[in-house]
1. Add +1 for every Lys or Arg and -1 for every Asp or Glu among the other residues with Cβ under 10 Å from the Cβ of A:Lys207, and state the total.
2. Under a Cβ-Cβ cut-off of 13 Å, what is the net charge of the residues other than A:Asp114 that fall near it, where Lys and Arg count +1 and Asp and Glu count -1?
3. Using 10 Å bins from zero, what percent of all Cα-Cα pairs in the protein assembly as shown falls into each bin?
4. Give or take rounding to whole Å, what are the principal axis extents of the alpha carbon atoms in the range A:156-216, in descending order?
5. Which number comes out as Rg/Rh for the range B:59-110 once both Rg and the Kirkwood Rh are worked out on C-alpha atoms?
6. Only four residue types carry charge here, +1 at the Cβ of Lys and Arg and -1 at the Cβ of Asp and Glu. Report the dipole size of the range A:121-203 about the Cα centre in Debye, rounded to the nearest 20.
7. Other chains near B:8-17: what is the mean number of their Cβ atoms within 10 Å of each residue's Cβ?
8. So, by mean Cβ neighbours within 10 angstrom, what's the order for A:80-88, B:28-36 with the highest one leading?
There are 2 protein chains.
Amino acid sequence: MTDVAVVLSGCGFLDGAEIHESVLTLLALDTHNLSYQCYAPDKPQMDVVNHAAGEPADESRNVLVEAARIARGNIRPLSELDPDSYRAIVFPGGYGAAKNLCNFAVAGADMVLDPQVERVAKAFATRGKPAGYICIAPAMISRIYPQGVRCTIGTDEGTAAALTAMGAEHVACPVDDAVSDERYKVVSTPAYMLAQRISEASAGIGKLIQQIADWL
Amino acid sequence: MTDVAVVLSGCGFLDGAEIHESVLTLLALDTHNLSYQCYAPDKPQMDVVNHAAGEPADESRNVLVEAARIARGNIRPLSELDPDSYRAIVFPGGYGAAKNLCNFAVAGADMVLDPQVERVAKAFATRGKPAGYICIAPAMISRIYPQGVRCTIGTDEGTAAALTAMGAEHVACPVDDAVSDERYKVVSTPAYMLAQRISEASAGIGKLIQQIADWL
């Protein structure tokens, strides 16, 4: 059995998975000798952003095909993820998590989950298998766990208010830490919601993966 | 003064910069409290590869625009790199280094450097400022330093023979180590020329950045 499924949402923080967070997740898992398999939805990205200009690009890209860049080609469609084959799941952040895994980026507290994300995330939740949500990905937690689930996106008040409106209990958290809800074995960390430098994101993601390792 | 210039060659190991190597480089620099600025050539990629299928894609992408994904938007055109403004330079690998920074991927030992790469790399060399070349990027070293410069791409005999044909002294090196030429302050490490897992690439890149820090 592979230990951990990692769900990517593209490749690049403005329209896909945050690259540093994704790589730091894989590094932390490997450092703990936890094996992993990357997955992503096989569908068009919500949009494509020119990361040099910070402006929309008139292009169409596929979430899975772009995420494959981070996974060095070793990636599978999220529709093929069998929750019984993994011990835990991790969702790195980036706008892709809020654009391609759900529509929080445009719908806020009225967001809905991508159907495959909903299927797999709820399966890990109901089985009591550990799950980690990084950066903006914790915006999805209230749609997956019972009301009052504890999570963090750091300290941004507007985003925290949206999570509270959806029924989560938001807990403010510094960049180098993580917030766990022991009842549901779900852990979250702010990463680039707060990080000013990559070593800060690494510290928080390290704590998140450590928590998952402790639960396994 | 920013400490280190990092030259990226796109975003994705089959047509651009190897993402893990690039992120691990930034992490190691930041962990050493070395500040960095990313650069990339502002020109079309040699090609675009679908990383899920491992096959060519009928698309055109710009090296700088794609590399900006790794740099979280904080990137400048390589033509603007002033070697007097930095203490050291690092080139992560990936096929992009052999396709977009030079043409080693298609020309082998007959390769030529991108003019801007040649300008900046030679400037650091002639000034005696430390330089790090990762994965396949050391294929460029013989075009920048005097004959007999010591470097490594790991243990691949065909690639090593090409480097020797170009006048370098190739030194076999395990994945978790790096090869230094103290005369020229240039260091190289195999990374994904050999790495089977990300923690192996991290170990070698960590040694490379440690060597650069020791030289500074």
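1. Summing Lys and Arg as +1 and Asp and Glu as -1 gives -2.
2. Residues close to A:Asp114 contribute a combined charge of +3.
3. 5, 24, 32, 23, 12, 4, 0
4. Projected onto the principal axes, the Cα atoms of the range A:156-216 cover 31, 30, 11 Å.
5. Computed over Cα atoms, the ratio is 1.00.
6. In total the dipole reaches around 500 debye.
7. For this peptide, the per-residue mean of nearby foreign Cβ atoms is 3.
8. Those peptides, ordered most packed to least, come out B:28-36, A:80-88.
The values are calculated or read from the model by the stated rules, or taken from the named source; none is laboratory data. Every value quoted in this text rests on a predicted model; they were computed, and no experiment measured them. No Cβ is skipped: glycine too gets one built from the backbone with ideal geometry, and neighbour counts run over all protein chains shown. Accessible surface is based on the protein model in full, side chains and every heavy atom, while ligands, DNA and RNA are left aside. Shrake-Rupley method; radii C 1.70, N 1.55, O 1.52, S 1.80 Å.
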